[in-house]
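Just below is one structure, and these are the notes that go with it.
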Amino acid sequence: MRQLHIVAELMALSARTSPKGKGEDFIVTQIVEGDDLAVLGRNMIEFGERTGKELFDRDAKNVMDSAAVLLIGMKDATALGLNCGACGAEKCVKINTYEGEFTGPQCSLRMLDLGIATGSAVKTASILNADNRIMYRIGPVAKEMGLIDADVILGIPISATGKSIYFDR
């Protein structure tokens, strides 16, 4: 649906222009549409089975039933340098030294930037009456598939039907 592609573009714009610590931008976005949604969904199911993690199949069905997914990630973020301790260390840690589902550790304040960018994107979808839901489970699979070059990723599927497909799951 062309209208939902426009919504996804405007969501990406909202993520791009959201406030960020020290005005430094490490946010990246990518829209997934068409046949790639089915591939992403199938890979989510396989990931859940392989890792023994629950509910990847449920979220995969939502992805496959969506018009688009906006991926929002953080790439090569530096520590803010405040030694705030929010990450659990006395001084800012060296980030991106561990590779798991995501690359870490990450500066907690930069993770807030990712959260604010994601919140800005879903606010835009809501204003435009597009059903949406922030999903962690999309992120590790999108990273594994190389759909977006980012260290930490969240996914936001969008849909426009008579009743939101993201509720009563």
*Hey, can you tell me all the residues within segment 23-49 that are within 30 Å of Ala79 (Cα to Cα) and either at pLDDT below 95 or of a type in the set (Gly, Ala, Ser) (or both)?*
Gly23
_Which listed residue, of Ile134, Ile158, Ile148, is closer than 23 Å to Ile45 by Cα and surrounded by 23 or more Cβ atoms within 10 Å (Cβ to Cβ)_ = Ile158
*If you take the residues of segment 20-61 that are of a type in the set (Gly, Ala, Ser) and surrounded by 15 or more Cβ atoms within 10 Å (Cβ to Cβ), which of them is farthest from Leu4 (Cα to Cα)?*
Gly21
*For segment 31-129, which helices (runs of 4 or more DSSP H) that fit wholly inside it have 3 or more residues that are β-branched (Val, Ile, Thr), touching a residue at least 24 places away in the same chain (Cβ under 8 Å) and out of contact with any Pro (no Cβ under 8 Å at 6 or more places or on another chain)?*
108-127
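Condition check: over 24 Å from Ala67 (Cβ atoms) and either in contact with a strand residue (DSSP E or B) (Cβ under 7 Å, 6 or more places away or on another chain) or of a type in the set (Lys, Arg) (or both). Does Val122 satisfy that? Outline the logic, then answer.
Working: over 24 Å from Ala67 (Cβ atoms): no; either in contact with a strand residue (DSSP E or B) (Cβ under 7 Å, 6 or more places away or on another chain) or of a type in the set (Lys, Arg) (or both): yes.
No: the conditions fail for Val122.
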*In segment 62-92, what count of residues is obtained for those that are loosely packed, with under 15 Cβ neighbours inside 10 Å and either within 23 Å of Asp25 (Cβ to Cβ) or modelled with pLDDT of 95 or more (or both)?*
8
*Can you confirm whether segment 81-104 contains a residue that is at positive phi, in contact with a Cys (Cβ under 9 Å, 6 or more places away or on another chain) and not charged (D, E, K, R)?*
yes
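Let's see how each residue does on (1) among the charged types (D, E, K, R); (2) within 20 Å of Lys61 (Cα to Cα):
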site: Cys92; (1), (2): no, no
site: Phe102; (1), (2): no, no
site: Met111; (1), (2): no, no
site: Ser120; (1), (2): no, no
site: Asp131; (1), (2): yes, yes
site: Tyr136; (1), (2): no, yes
site: Val141; (1), (2): no, yes
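Yes or no: Val152 over 18 Å from Val39 (Cβ atoms) and at pLDDT 95 or above? Explain how you work it out, then say what you get.
Numbers: over 18 Å from Val39 (Cβ atoms): yes; at pLDDT 95 or above: yes.
Answer is yes for this residue.
Is it the case, given these coordinates, that Ala150 is part of a helix (DSSP H, G or I) and under 15 Å from the mean Cα position of the chain (by Cα)? Before you say what the answer is, go through the steps one by one.
Numbers: part of a helix (DSSP H, G or I): no; under 15 Å from the mean Cα position of the chain (by Cα): yes.
In short, no.
The values are calculated or read from the model by the stated rules, or taken from the named source; none is laboratory data. These figures come from a predicted structure and were not determined experimentally. Virtual Cβ from ideal backbone geometry, glycine too; neighbours counted across all protein chains shown.
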